[in-house]
Amino acid sequence: MTDIGIVGPVLIIVNVLFSYKGFTNQLLFDSYKFEVDRILIDKDSKRLVTSGFLHVGWIHLIFNMLSLYAFSDFLELYLGKLNFLLLYFSSLIGGSLLSLFVHRNHGDYSAVGASGAVSGVIFASIALFPDVEIGLLGVPLYFPGWLYGIVYVGYSIYGIKSDKDNIGHEAHLGGALVGMLVAVILEPGAWVENYRTILLIALPALFFIYLIATRPHILLIGSQSFSVRARHYDIDHRYNEEKVNKEKELDKLLDKIKRKGMGSLSKKEKEDLEKYSK
């Protein structure tokens, strides 16, 4: 009997169930999505992980899960169950952290999706097996992994820099880099055999991250919204504004209770009251 991976299918099932719950429950979706101010100001760090199990719709979910399914089985069997889990969650968190770094001055930036983790799985496969063939969903064309990796990194850098779409390129890039790193740590022999491919893919991405860390103004060019937020909306400003807004909302709720009683509050208002009271 041929061995099959079980961690990949379990991750897919969890993604589907949690995403479906998010489709039907806006409060849950808002409570667990990636949102910069909720993470930096409220210290709600669980969102770095939970956002990776939410999706904006069925197409988004299906695309990510098909990609995960295509690579998870053989990679899980090659690395082992625990190592595959380590790879998946490390890539997910790595993608979230790079998004947080890039958007640290954009308080209302939010995102969901397993793309960072899936990118990590794909690029770990490339690091271990550079000649693996990668195809585009629905298109009968296949590319060697090393070529796909180079193009993908280039496109991600362009997407971050241009800010012209609604795709989380930062999570993709961060997840891909962490996936390759974890793969090499788990299988050091891959570095000896495939270091040229790994460097060819990783160095441009690492250089770009270095640039945005040392010269953040490069993200302002061609993006008015990035420019305004980065210059005038730092984390101290957001913290103070957030605190004032919470105090105003709490005062409104307390005033309503004083006038109409506790029973007049809606379910959401009761949840807000409990949250603000903390």
Too long at a 32 Å Cα-Cα cut-off: which of Lys43/Lys270; Lys33/Lys258; Lys46/Lys270? Lys33/Lys258
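Is the shape of segment 1-100 best called rounded, prolate or oblate, per the rule: a/c under 1.5 gives rounded, else a/b larger than b/c gives prolate, else oblate, with a ≥ b ≥ c the square roots of the Cα gyration tensor eigenvalues? Walk me through the numbers on the way to the answer.
Working: a/c = 2.66, a/b = 1.58, b/c = 1.68.
In terms of gyration-tensor shape, oblate.
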Based on the alpha-carbon gyration tensor of segment 7-218 and its eigenvalue square roots a ≥ b ≥ c, which shape applies: rounded if a/c is under 1.5, prolate if not and a/b is larger than b/c, or oblate? oblate
Neighbourhood net charge (14 Å Cβ-Cβ; Lys/Arg +1, Asp/Glu -1) for Glu187: -2
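For Ile4, Ile198, Ile126, Ile93, what ranking results if the residue with the fewest other Cβ atoms within 10 Å of its Cβ goes first?
Values: Ile4 11, Ile198 23, Ile126 28, Ile93 20.
Fewest-to-most ranking of Ile4, Ile198, Ile126, Ile93: Ile4, Ile93, Ile198, Ile126.
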Hey, rough spin-label estimate for Glu271 and Asp108, points 7 angstrom out along Cα→Cβ, what's it come to in nanometres? 2.1 nm
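The numbers here are math on the coordinates, done by the rules we state, and not lab data. A quick note: this is a predicted structure, and the numbers were derived from the prediction, not measured. Note that each Cβ is placed from the backbone with ideal geometry, even for glycine, and that neighbours are counted across all protein chains shown.
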